[in-house]
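J.: Below is one structure. I have some questions about it.
Computed from the coordinates by the stated procedures, all read-outs in this text should not be read as laboratory data. Worth saying up front: this structure is predicted, and the values here are computed from it rather than measured. Here Cβ is always computed from backbone atoms with ideal geometry, including for glycine, and neighbour counts include all displayed protein chains.
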Amino acid sequence: MTEPVFLPPVTELIICTTCRPAGVSRAVPAAGEALLEAVQVAAWDLDAAQQARIRVRGLACMSGCSRACTVALQAPGKYTYYFGDLVADDVTAAEVLACAQLHAMSADGNLLRKERPERLRSGILARLPALA
């Protein structure tokens, strides 16, 4: 009989699709939607095992309007992180995805500041404990 293999729970990377930096007109496409699309494109570069550990989805309004763009990382039994003040570009997309990979591979979801990609070292809005 073979030993069971432990696989950490899938990390969900949630990106606010309605985020717009302050003062940007509603007539302009939402920066959050652009960030979601950039993350989805970047995710194609992950290998199959990495893709299986992260689920990317958009969500209309995560109530971080004054800190746009916002993203969250969550998984069962792990800390949840909520980041804001992100720029909707390819660099941020790659760093958000890299941070999601760190979260996915962490046993408890804890993300030390010095280990997070540069653009996710600040702008943290919340770190919530795992549900008991």
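J.: Could you tally the net charge around L97, taking each other residue with its Cβ under 14 Å from the Cβ of L97, Lys/Arg +1 and Asp/Glu -1?
T.: So the surrounding residues net to -3.
J.: Name the residue, out of A22, A72, A88, whose mean-square fluctuation peaks in a Gaussian network model built on the chain with Cα pairs under 10 Å.
T.: Comparing A22, A72, A88 in a Gaussian network model of the chain, the most mobile one is A22.
J.: Something else about it: Using the Karplus curve 6.51 cos²θ - 1.76 cosθ + 1.60 with θ = phi - 60°, what ³J(HN,Hα) values do you get for each residue of the stretch 23-38, in whole Hz, with x for Gly and Pro?
T.: Per residue, the Karplus-derived 3J(HN,Hα) values read x, 7, 4, 5, 6, 8, x, 5, 4, x, 5, 5, 5, 4, 4, 5 Hz.
J.: How much of the DSSP beta bridge set in the stretch 1-74 is antiparallel, as a percent to the nearest 5?
T.: Once the DSSP bridges in the stretch 1-74 are tallied, antiparallel ones form about 40 percent.
J.: Please compute the length gained on full extension between D89 and A22, using 0.36 nm multiplied by the number of residues separating them and subtracting their Cα-Cα distance.
T.: 22.4 nm
J.: FRET efficiency for L46 and A132, Cβ-Cβ distance as r, R0 = 30 Å, nearest 0.05?
T.: So, using R0 = 30 Å, E works out to roughly 0.45.
J.: Related question: Around I124, which amide H atoms from residues at least 5 apart in sequence, or from another chain, sit under 5 Å from its own amide H, with H modelled in the peptide plane?
T.: G84
J.: While we're looking at this one, here's another question. Give me a comma-separated list of calculated 3J(HN,Hα) values for the stretch 82-94, in order, Karplus coefficients 6.51, -1.76, 1.60 applied at θ = phi - 60°, integers in Hz, x for any Gly or Pro.
T.: So the Karplus estimates, Gly and Pro as x, are 10, 10, x, 6, 9, 8, 8, 9, 5, 5, 4, 4, 5 Hz.
J.: Once the dipole of the chain is set up with Lys and Arg at +1 and Asp and Glu at -1 on Cβ about the Cα centre, which of A30, V96, V10 lies farthest towards its positive end?
T.: A30
J.: Ok, one more. For A38, what is the net charge nearby, where nearby means another residue's Cβ is under 15 Å from its Cβ and Lys, Arg count +1, Asp, Glu -1?
T.: Its environment carries a net charge of -4.
J.: Check the cysteines of the chain one by one and keep only those with no other cysteine Cβ under 4.7 Å from their own.
T.: C61, C65, C99
J.: Where does each of 102-108, 36-42 land if you order them by average Cβ count within 10 Å, highest first?
T.: Packing order, densest peptide first, comes out as 36-42, 102-108.
J.: Summing Lys, Arg as +1 and Asp, Glu as -1, what charge do residues with Cβ under 15 Å from the Cβ of E12 carry, E12 excluded?
T.: With Lys, Arg at +1 and Asp, Glu at -1, the net is +4.
J.: Then there is this: Mind pulling the per residue volume of the convex hull built on the Cα atoms of the chain? Å³ is fine.
T.: So the per-residue Cα hull volume is 110 Å³.
J.: How much length would be gained if the chain were fully extended between L59 and T2, taking 0.36 nm per residue of separation minus their Cα-Cα distance, in nm to one decimal?
T.: Extending this stretch completely gives an extra 16.5 nm.
J.: Here is a further query. Apply the Karplus curve 6.51 cos²θ - 1.76 cosθ + 1.60, θ = phi - 60°, to the phi angles in the stretch 50-65 and return the couplings in whole Hz, x for Gly and Pro.
T.: Whole-Hz 3J(HN,Hα) from phi for the stretch 50-65: 5, 4, 5, 8, 10, 10, 9, 8, x, 9, 6, 6, 10, 6, x, 3.
J.: How many angstrom lie between the C-alpha centres of the stretch 18-90 and the stretch 98-132?
T.: Comparing the Cα centres of the stretch 18-90 and the stretch 98-132, I get a distance of 14 Å.
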